[in-house]
Amino acid sequence: LGSSRFGSREVAALGWAVARNRNIRKLYLENSDIGSCGLRFFSEAIYDTEIAIEARNKAKLVRDLTAPEIEEELRPRGCSLELLNLSKNSFQITQPADCLALERLVALTPTIVELNLSCCNLGVPAGEALGKGLRNHPTLTSLNLSRNRLEEYGVKKLCKGLHENSVLKNLDLARNSMSGRGASGVAQLLSNTNCGIETLSLYGNFIGIEGARFIATSLEKNSTLTDLDIGLNRMRPKGVNAIANALKKNSTMKVLRLKQNFINDKAAMELGEVLVEQSSVTRLCLAGNQIKDAILNTIVASLKDCKVPVTVDVANLLEVTQRSRLQKTVYCTPLPQDITSNALKKMFYDGGCGAIVNVSILKHSERDSFKKACYAFVEFAEEDSVQLALDIGSEGKAKVGNSIFNVIQAQGERSKSKAKPRR
């Protein structure tokens, strides 16, 4: 039902349907223009309100209920939802009634496993409501709150409630402007022995050196986190050094994402030295930092050959940037999320470009849409094939399905494609 543009009355009717039909397990309402009133109507249709229940109970003491009151009294309540996607709906929850509706929707749904509230314009009051609703919640394991406006205090209030939750495994707080002080609330949560979070994203919160130190301190105590994304946080060398030192005392971390953090050569080398000696981390992401290729090559090689091999995200790119291979390689972007290497090979084969040695497809760190989620490096067997591929791009014929993409020479020369460049 995504992108359905519901009105408040339709959302209430949908809530009644969900309450009546316990076979509805998954509900997708993303980008449906629900709004804060719609969310309240949806929640109240499923669970009623404490005020309405109390009013009917008082009325029973002095008179018979009216027909509408009897209908509300007998209406089925509750639901069996396991997945609820409400992303890309601008809720702007500020009023007490809206906060209570959100809290009850989460707290009174004992079957829900996955909740997506990304890009919903949620602020501090919503963070507090979710924190209350998630206290001791029995089933919710995945919560996506990325691209909201929780900021420092909203994150802290959310984490305060999560101190009493041991079931949540995946938490996405990317792009919530929490700053370093907000990161302190997350750090306190991670340090809590009751915390069961395994995957955490703090991408794009600009927590800085201060926030990195808070997170580092918590990693020394945490024993559940396996995947941490703290990219685009301006941690700089001092912040990364704090994380690196914390890893010496952490034995559960598997994936560490540090993209776009102004990491320099020295900090990267020190991090690599720590990872060579540890036995838990198996993947490291360093793209978008201020690290020379020679240093990256050294780190990739040392981590590849250590006792527990660690894969580095830029390894494939470094291979492609060897001059002898660059002359035979083109860069293709933007590509749809479902693109396959065979589809790209067929397109270039049909264009007469000749044999292809390797196709490497990667995801953009940020995507505008499903159709612009990926990019690829295509390496040909012969240098002459590159010019043929560039010609296909310049003529606007670089196309897979309905998606037209740009073809760029890996050495930097760009084809004059008719397709609009990716922003």
According to the square roots a ≥ b ≥ c of the eigenvalues of the Cα gyration tensor, what is the shape class of the range 96-150, taking rounded for a/c under 1.5, prolate for a/b larger than b/c otherwise, and oblate for the remainder?
-> oblate
With Cα coordinates, the longest principal axis of the chain makes an angle with the long axis of helix 35-47, in degrees rounded to 10, of 60
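Determine the alpha carbon to alpha carbon distance for each of K254/K363; K88/K346; K26/K160; K266/K328; K26/K399 and list only those over 25 Å. The partial results should precede the final answer.
Numbers: K254/K363 20 Å; K88/K346 36 Å; K26/K160 28 Å; K266/K328 32 Å; K26/K399 35 Å.
Beyond 25 Å: K88/K346; K26/K160; K266/K328; K26/K399.
Quick one: grab the alpha carbon gyration tensor of the chain, order the square roots of its eigenvalues as a ≥ b ≥ c, and give me rounded if a/c is under 1.5, else prolate or oblate depending on whether a/b is larger than b/c.
Working: a/c = 2.95, a/b = 1.57, b/c = 1.88.
Oblate, since a/c reaches 1.5 and b/c is not below a/b.
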How many angstrom lie between the C-alpha centres of the range 332-405 and the range 76-106?
-> 42
Given backbone amide H placed at 1.01 Å from N, residues whose amide H is under 5 Å from that of V310, ignoring those fewer than 5 places away on the same chain, are K304
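Among the GluC sites (Glu not before Pro) within the range 98-181, which fall in a DSSP loop and have no more than 12 other Cβ atoms within 10 Å of their own Cβ?
none
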The range 183-284: which trypsin sites (Lys or Arg not before Pro) are DSSP loop and have at most 15 other beta-carbon atoms within 10 angstrom?
-> K221, K248, K249, K254
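Run the accessible area of the chain with a 1.4 Å probe and give the carbon-and-sulfur part as a rounded percent.
Values: 9850 of 20170 Å².
The value for the chain is 49 percent carbon and sulfur by accessible area.
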For the chain, the per residue accessible area (1.4 Å probe, Å²) is 48
How big is the gap, in Å, between the Cα center of the range 144-214 and the Cα center of the range 235-265?
-> 17
Any idea what angle helix 8-20 forms with the longest principal axis of the chain, computed on alpha-carbon atoms, 0 to 90 degrees, nearest 10?
-> 80
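Multiply the residue gap between D227 and Q290 by 0.36 nm, knock off their C-alpha separation, and tell me the result in nm, one decimal place. Write out the running numbers ahead of the final one.
Values: separation 63, 0.36 × 63 = 22.68 nm, distance 2.31 nm.
Full-extension gain reported as 20.4 nm.
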Treat each spin label as a single point 7 Å out from the Cα along the C-beta direction, and report the N23 to F262 distance in nm.
-> 5.8
Choice from S142, S166, S360 showing the highest fluctuation, given a GNM over the chain with Cα pairs closer than 10 Å | S360
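Using Cα pairs closer than 8 Å and at least 6 residues apart in sequence, work out the relative contact order for the range 153-200, in percent.
Values: 48 pairs, mean separation 27.6, N = 48.
For the range 153-200, the relative contact order is 58 percent.
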The range 213-268: relative contact order in percent, alpha carbon pairs under 8 Å with at least 6 residues between = 49
Spin-label model distance (nm) - A343 vs H364, 7 Å beyond Cα toward Cβ = 1.5
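Kindly identify the range 131-258 as rounded, prolate or oblate by the Cα gyration tensor criterion: order the square roots of the eigenvalues as a ≥ b ≥ c, call it rounded if a/c is under 1.5, otherwise compare a/b with b/c, prolate if a/b is larger, else oblate. If you can, show how the numbers build up before the last one.
Details: a/c = 1.76, a/b = 1.25, b/c = 1.41.
Here the range 131-258 falls in the oblate category.
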Any residue on another chain or 5+ positions along whose placed amide H is under 5 Å from the amide H of H137 is listed here as none
Using only alpha carbon pairs under 8 Å that are at least six residues apart, calculate the relative contact order of the chain and give it in whole percent.
-> 8
Give, as ranges by residue number, the residues of the range 183-221 whose backbone N falls under 12 Å from the point 7 Å along Cα→Cβ of T252.
-> 190-200, 219-221
Which FRET efficiency, nearest 0.05, do E10 and R325 yield, Cβ-Cβ r, R0 51 Å?
-> 0.35
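Evaluate E = 1/(1 + (r/R0)^6) for S280 and N57, where r is the Cβ-Cβ distance and R0 equals 56 Å; express this FRET efficiency to the nearest 0.05. Please report the intermediate quantities before stating the final value.
Values: r = 56 Å, r/R0 = 1.00.
Calculated value: 0.50.
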Quick one: putting +1 on the C-beta of Lys and Arg, -1 on the C-beta of Asp and Glu, what dipole do you get for the chain around its Cα centre, in Debye to the nearest 20?
-> 320
Cβ-placed point charges (K, R +1; D, E -1), dipole of the range 150-192 about Cα centre in debye, nearest 20 | 20
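If you place +1 on the Cβ of every Lys and Arg, -1 on the Cβ of every Asp and Glu, and leave all else neutral, what size is the dipole of the range 208-366 about its Cα centre, to the nearest 20 Debye?
On the way: 21 positive and 15 negative charges, 24 e Å.
Computed charge dipole of the range 208-366: roughly 120 debye.
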In order through the range 289-303: 3J(HN,Hα) via Karplus (6.51 cos²θ - 1.76 cosθ + 1.60), integer Hz, x for Gly, Pro = 9, 9, 10, 5, 4, 5, 5, 4, 4, 5, 5, 4, 5, 5, 6
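The values are calculated or read from the model by the stated rules, or taken from the named source; none is laboratory data. A quick note: this is a predicted structure, and the numbers were derived from the prediction, not measured. Note: ideal-geometry Cβ built from the backbone for every residue, glycine included; neighbour counts use all protein chains shown. Side chains are part of the model used for accessible areas, which takes the heavy atoms of the whole protein and leaves out ligands, DNA and RNA. Shrake-Rupley method; radii C 1.70, N 1.55, O 1.52, S 1.80 Å.
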